[in-house]
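Taking it in order: structure first as structure tokens, then the write-up.
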Amino acid sequence: MIQQDIPLTVTLGVDAGSKHIGLSASSETKELLAWDVECRTDIPELISTRKEARQARRHRKTRYRAPRFKNRARSQQNQVQSKQKGWLAPSVEHKIDTHLNRIAAVQKILPVTKIVVETASFDTQKLKNPDISGIEYQQGEQTGFWNVREYVLCRDNHECQHCHGKKKDPILNVHHTESRKTGGNSPSNLITLCETCHKEYHAKIKAGEIQGPKDFKLPERAESYRDAAFMGIMHNTLLERLKKANTKIEVVNTYGYLTKNKRIELGLAKEHYNDAYCIAGNLNAKPLEQCLYLKKIRRHNRQIHKFNFSKGHVRKSNQAPHLVDGFCLFDKVLY
Ligand SMILES: [Zn+2]
């Protein structure tokens, strides 16, 4: 029984991703929902198959059709304008749609009062102005370092810059090229090394075998900041549309470096729904033991889009029979 006089606050955490979406709703005392949603990855291929099919059809000798060349809305504008209009690739549109309709699905079953979305793994604004102030200061200066750390890992493509993955060590460290004291925590002083190489480097320095980064095949200063190169347009659009769709409740964003930090502190496994649990921010809530796995599938499989239909030109029915032995596709079965 929910007591009416105590307002129930339910926070929904969303781990936005291009392949997997983690969703977790929790009150202050317990986690109420944990979902792992897999997005479709087949869209770019389907679109290019369609393009091929259309081009082939136009080149075939077919009945006369008046030329249609002014029916391409996007090509009439240049790219800058189409960006302003908010045109996104169909695969990106799908991903945003999936986020929005799964969030709406949660809102149908739970009275969500706040939505927190992780929009990026690090905060570009903070990289430019690394001054610690306000809340940051209370959280300790390490939080700022976690932000830079995520950035450096991302910049180096999550790959050891010495062996480039040849040593197959999955644990990555962020190494200070110059010592922390003299070089500081700026991204240009940091480089990604796997733990094996990192230990090797320090052992060799200690033994006097090598003098500095040059002897270890490392650049002396890493590449400087590349603006917005990794920032997906997807995340920003998602946040915008989410705010538009939910004007009555609070929609805020957070960064991956903060949640990763929390997840490791709590000793949770690296799963999207666990990230979402940390994003929601109710860290005293009792986590659920299981998550619900959802997978987005193509809803149409039109024969018209297929290249080779059966011999004798007999078209098969457009779709597979809905019911097979009393079951339809993706039924949940208790056995
Ligand atoms: Zn390595």
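If packing is taken as the mean number of other Cβ atoms within 10 Å per residue, what is the order of 8-15, 87-94, 236-243, 264-271, highest first?
Ranked by mean Cβ neighbours within 10 Å, highest first: 8-15, 236-243, 87-94, 264-271.
Which of the peptides 197-209, 106-118, 273-285 is most tightly packed, and how do the rest follow, judged by the mean count of other Cβ atoms within 10 Å per residue? Before the final figure, lay out each step's value.
Details: 197-209: 13.8, 106-118: 17.4, 273-285: 22.8.
Most protected by this proxy first, the peptides run 273-285, 106-118, 197-209.
³J(HN,Hα) across region 159-164 via Karplus (A = 6.51, B = -1.76, C = 1.60, θ = phi - 60°), whole Hz, x for Gly/Pro?
Using θ = phi - 60°, the values come out as 9, 4, 7, 9, 9, 6 Hz.
Every read-out reported here was derived from the displayed coordinates using simple, explicitly stated rules and does not represent laboratory data. Keep in mind that this is a model prediction, so the values were computed, not measured. With ideal geometry, Cβ positions are generated from the backbone for all residues, glycine too; neighbour counts draw on all protein chains shown.
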